[in-house]
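**Q** Can you keep this structure in mind? I'll have questions shortly.
Just so you know, all these numbers are worked out from the coordinates, no wet-lab data involved. On a predicted model such as this, the values are computed, not experimentally measured, just so you know. Glycine gets a Cβ as well: all are built from the backbone with ideal geometry, and neighbour counts include every protein chain shown.
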Amino acid sequence: MALVGVLALQGSYNEHIAGMPFSSLSDHIYVFWVLLLGVKGVEIKKPEQLENVASLIIPGGESTTMAKLAEYHNLFPALREFVKMGKPVWGTCAGLIFLADRATGQKIGGQELVGGLDCMVHRNFFGSQLQSFETELSVPELASKEGGPEVFRGVFIRAPAILEVGPQVEVLADYPVPANKWKDSNPGVEGHEENSGSEKKVIVAVRQGNLLATAFHPELTADTRWHSYFLKMATETEGASSSVVAVGADLDLNQPTKIDLPVFL
Amino acid sequence: MAGSGVVAVYGNGAITESSSNKSAFAVKVGLAQMLRGGVIMDVVNAEQARIAEEAGACAVMALERVPADIRAQGGVARMSDPQLIKEIKQAVTIPVMAKARIGHFVEAQILEAIGVDYVDESEVLTLADEDNHINKHNFQIPFVCGCRNLGEALRRIREGAAMIRTKGEAGTGNVIEAVRHVRSVMGDIRVLRNMDDDEVFTFAKKIAAPYDLVMQTKQLGRLPVVHFAAGGVATPADAALMMQLGMDGVFVGSGVFKSGDPVKRGRAIVQAVTHYNDPNILADVSCGLGEAMVGLNLNDAKVERFANRSE
């Protein structure tokens, strides 16, 4: 059974490992990955554990904290090697910052990055928790590969955004922000897209080869399409040897409705 | 967010709400989920906040006095000066939390206005209202609240808390109360999981918690929001103990900056929370940390119990 590593230093790694929006480490775990996709999620805390996995997810969390912990235990060389070998890596939120080649808005002194993804990311583009939000993102590429609706429920928590990308990078989703917001966050940076009236777009999901990055948190929602999209990247790399089952449009029919984020009021 | 609160139980037992404000609560819980597996440190100025950030804290709690000093100095403990909180916000990129008195919703409004990331409605500060907590649904900003047992946790969640922490006994450097509260919550959840659905009504009545949240807890096998440990954590071993007991992360109050070497101890506690299951790493990081904070014996009648201030 193929193993998917999840970098388990800090943040929402349990959500990724369980493939469930919000679950305990009890019996919910592995349900999604094992039953639906035929793979198993495992925690990665040390460099040597990376040798056992074919692909890696870097979860959401505080990127400065994760960078510190990676530094304490000397994970950066192993992570860079992993990316360089062309193995599939997916970063969500803090993970996106990890994968970016360049970042702004960092803490004093900056932070170490893994790199590999040719883009410039703004660490805390949308601001503090009061500016955190949820929105329906248009995701044509995801919908064409995985079926389902044309939109995806994107949860942005003190989220980063991608300001510019290199030529190799495929943009999978973007999000409009008012131009004045852009100026507030980036006094020195000129927008690289043409100014369409009072709105500009920031990029929130990209793919470059075997690197996938999202500024929002698919692990916090019950929609599993990004997870299966990533897994297909992983199987394409491995060749046809995998036993991954078909997922997509019929996914909803085969399983009971999962409990989404804890919701009550 | 006022005016909603209708809860529907669907056929498969999944509980959700029928209002359109779902996303607001999801976003509040979302930040707490990003803090999982991390350490939140109490800091009293920008310099300490920078030390905490460099140590790897996933958030800081901005305060005028740490709980140990509140105990020593007595008097009324209130919300911190907003100026101080603003300075701390400027100094770091990680989330900044701040404490408001229980029931003092105007302090919470002020904290929301200056844009902190989370409000701790805390029993460590002097109470403003003996009977009522803040109605946290009225705020866009998320709240964390303390609890001693499952009933108290679920009452706070019903009031709108998006994150729960154990109360422990803040400022004592003594982990016994935090352990008691964790054991109580986790034990009750284990009992609940094995309970017949028909018995849940009476159980909910017994712990004085809303039925729908009790049922959701039973289905999830855990609290429906992120659950941190707090109150008395002073060493890496204390922090790892909390994680092994099933917590999602740890608040460290006086334990870091009241110790001999805050830089080293802060960093050690952060590593202990990540590698809580690896005794070799725990042994490594526990070496040579210098003096721990002075502990208080809770059998001493002169030590006030903060945890008993609210229900």
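**Q** How far apart, in nm, are the 7 Å Cα→Cβ label points at B:TYR211 and A:ASN52?
**A** Taking the simple label geometry, B:TYR211 and A:ASN52 are separated by 4.6 nm.
**Q** Summarise the long-distance tail of P(r) for region B:39-81 by giving the % of C-alpha pairs beyond 12 Å.
**A** 59 percent
**Q** If you scale each eigenvalue of the Cα gyration tensor by 5 and take the root, what three semi-axes come out for chain B, rounded to whole angstrom and sorted largest first?
**A** With the √(5λ) rule applied to chain B, the semi-axes are 30, 22, 19 Å.
**Q** How much space per residue, in cubic angstrom, does the convex hull of the C-alpha atoms of region B:55-131 take up?
**A** It comes to 94 Å³ per residue, whole-number rounded.
**Q** If every alpha-carbon in region B:177-281 counts as one equal scatterer, what log10 I(q)/I(0) does Debye give at q = 0.22 1/Å?
**A** Treating every Cα as an identical point scatterer, log10 I(q)/I(0) equals -1.07.
**Q** Still on this model: Provide Rg and Dmax in Å for region A:49-139, with only Cα atoms included in the calculation.
**A** In Å, with Rg to one decimal and Dmax whole: 13.8, 40.
**Q** Determine the shape class of region B:145-194: with a ≥ b ≥ c the square roots of the Cα gyration tensor eigenvalues, call it rounded for a/c under 1.5, and otherwise prolate if a/b is greater than b/c, oblate otherwise.
**A** oblate
**Q** Which whole number gives the average, over all residues in B:52-59, of C-beta atoms from other chains lying within 10 Å of the residue C-beta?
**A** Across the residues of B:52-59, the mean count of other-chain Cβ atoms within 10 Å is 5.
**Q** Could you please state, rounded to a whole Å, how far the C-alpha centre of region A:66-87 is from the C-alpha centre of region B:28-85?
**A** Value for the Cα centre distance between the two parts: 30 Å.
**Q** Charges at C-beta only: +1 for Lys and Arg, -1 for Asp and Glu. How large is the resulting dipole of region B:157-311 about its Cα centre, in Debye rounded to 20?
**A** Dipole about the Cα centre, nearest 20: 200 debye.
**Q** Subtract the Cα-Cα distance of A:GLU112 and A:MET85 from 0.36 nm times their separation in residues, and report this length gain in nm to one decimal.
**A** Using 0.36 nm per residue and subtracting the Cα-Cα distance, I get 7.7 nm.
**Q** Using every Cα-Cα pair within region B:101-160, state what percent have a distance larger than 14 Å.
**A** It works out to 51 percent of all Cα pairs.
**Q** Would you mind checking A:LYS40/A:LYS87; A:LYS68/B:LYS264; A:LYS45/A:LYS84; B:LYS86/B:LYS136; A:LYS40/A:LYS145 for any pair whose Cα atoms are more than 24 angstrom apart?
**A** Pairs exceeding the cut-off: none.
**Q** Here is a further query. Test of understanding: what is the full-extension gain from B:PHE201 to B:ASP129, defined as 0.36 nm times their sequence separation minus their Cα-Cα distance?
**A** 23.0 nm
**Q** To continue, here is another question. When the Debye formula is applied to the Cα atoms of region B:70-194, each taken as the same point scatterer, what base-10 log of I(q)/I(0) results at q = 0.11, 0.22 Å⁻¹?
**A** These q points yield log10 I(q)/I(0) values of -0.41, -1.32.
**Q** Averaged across A:157-167, how many Cβ atoms of other chains sit within 10 Å of each residue's Cβ atom?
**A** Other-chain Cβ atoms within 10 Å of each residue's Cβ, averaged: 2.
**Q** If r is the Cβ-Cβ distance from B:GLU291 to B:GLN90 and R0 is 35 Å, what FRET efficiency results, to the nearest 0.05?
**A** 0.65
**Q** Moving to a separate point now. Using a 7 Å offset from the Cα along the Cα-to-Cβ direction at both B:GLU304 and B:ASP81, what is the distance between the two label points in nm, to one decimal?
**A** 2.3 nm
**Q** Report the label-to-label distance for A:GLU71 and A:VAL42 in nanometres (one decimal), using points 7 Å from each Cα along the Cα→Cβ vector.
**A** Simple spin-label model gives 2.9 nm for this pair.
**Q** Of all trypsin sites (Lys or Arg not before Pro) in region B:41-93, which ones are in loop regions per DSSP and have a Cβ with at most 16 other Cβ atoms within 10 Å?
**A** Passing sites in region B:41-93 are B:ARG78.
**Q** Taking square-rooted eigenvalues a ≥ b ≥ c of the alpha carbon gyration tensor, is region B:233-311 rounded, prolate or oblate, where a/c under 1.5 means rounded and, failing that, a/b exceeding b/c means prolate?
**A** oblate
**Q** In region B:256-311, which trypsin sites (Lys or Arg not before Pro) fall in coil by DSSP and have 15 or fewer other Cβ atoms within 10 Å?
**A** Within region B:256-311, the qualifying trypsin sites (Lys or Arg not before Pro) (loop, at most 15 other Cβ atoms within 10 Å) are B:LYS302, B:ARG305.
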